[in-house]
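The values are calculated or read from the model by the stated rules, or taken from the named source; none is laboratory data. Since the structure is predicted, the reported quantities are computational estimates derived from the model, not experimental observations. For neighbour counting, all protein chains shown are included, and Cβ atoms are generated from backbone atoms with ideal geometry for every residue, glycine included. Just so you know, the surface numbers come from the protein's heavy atoms only, side chains and all, with ligands and any DNA or RNA stripped out. Shrake-Rupley method; radii C 1.70, N 1.55, O 1.52, S 1.80 Å.
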Amino acid sequence: QEQKKKKKKKNSSSIMIPSFVESLVAFLSEKPLLVIAIIWMLFNLYKNSKPIPEYPGNVRAIKTKKEWNQLREESKRDGKHYLVDYYADWCGPCRSAAPIYAEMSKDFDGSQIIFAKLNASKLDVRKDGAGPVKCFPTIKLYDPNGAILKHVEGFKKTEIIDSIEAAGIKRTENKKKD
């Protein structure tokens with residue numbers, strides 16, 4: 001009788017696997033668009049889980065609270081404004097804005113402003129003078145004393161450039177506005 005039970009268990013598990021596979025194949029063949037959508041979502045999750053690449057420019061990556069505090073101290077000591085891009089690796093608009101932000105950093109006089117970027121999903125500096133970040137990307141312009149002069153939610157290049165110029169920061173000689 002025990003041998004019959006063992007055979008029955010063996011037969012039921014061997015029957016379950018093919019029936020599961022058959023059910024899965026039937027489901028996939030009935031809903032190909034759903035399968036494509038799931039594959040697309042998984043691909044995007046994988047792609048967006050990678051860090052945003054570094055782009056050529058004058059952008060300082062802030063990765064620790066110590067680096068954040070050094071940026072603030074340097075800004076105050078040297079009388080420089082600082083512009084910070086608060087981003088997240090998984091944020092599509094942040095990925096699109098990164099090369100533009102890096103290019104913008106070349107447009108302004110580095111003796112007057114520091115361009116920085118901070119992955120706010122990994123480093124929380126809200127209580128350390130950064131203020132709130134409600135969405136990504138968020139760009140903030142600070143004066144040398146750490147006061148927020150401009151807070152831009154989303155990446156609005158013209159608004160960011162206008163706020164930098166309104167703070168009296170000059171463009172580099174080869175990038176002056178016409």
Quiz prompt | Pairs of Lys in segment 22-116 closer than 19 Å at Cα, counting only those 8 or more apart or on different chains | solution = 5
Quiz prompt | Relative contact order (%) - criterion: Cα under 8 Å, at least six apart; region: the chain | solution = 23
Exercise. Return a whole-number percent for the relative contact order of segment 118-162, with Cα pairs under 8 Å and 6 or more residues apart as the contact set.
Key: 28
Quiz prompt | Cysteines in the chain lacking a second Cys C-beta under 4.7 Å | solution = Cys135
Quiz item: So what's the Cα pair-distance distribution over segment 97-178, bin width 10 Å, in %?
Solution: 16, 52, 28, 4, 0
Quiz item: How do Ser121, Ser75, Ser29 rank by accessible surface area computed with a 1.4 Å probe, from largest to smallest?
Solution: Ser29, Ser121, Ser75
Quiz item: If you average 1/r over all unlike Cα pairs in segment 29-69 and invert the result, what Kirkwood radius do you get in angstrom?
Solution: 13.7
Quiz prompt | Whole-number accessible area per residue in Å² for the chain, which is evaluated in the context of all protein chains at 1.4 Å | solution = 66
Quiz item: How long, wide and thick is segment 44-98, going by the Cα atoms along their three principal axes, in whole angstroms, largest first?
Solution: 43, 21, 16
Quiz prompt | Accessible-area order (highest first, 1.4 angstrom probe) of the listed residues Cys91, Cys135 | solution = Cys135, Cys91
Quiz prompt | Rg/Rh ratio calculated on Cα atoms of the chain (Kirkwood radius) | solution = 1.34
Quiz item: In degrees between 0 and 90, to the nearest 10, how far off the longest principal axis of the chain does helix 32-48 point, with axes built from Cα atoms?
Solution: 40
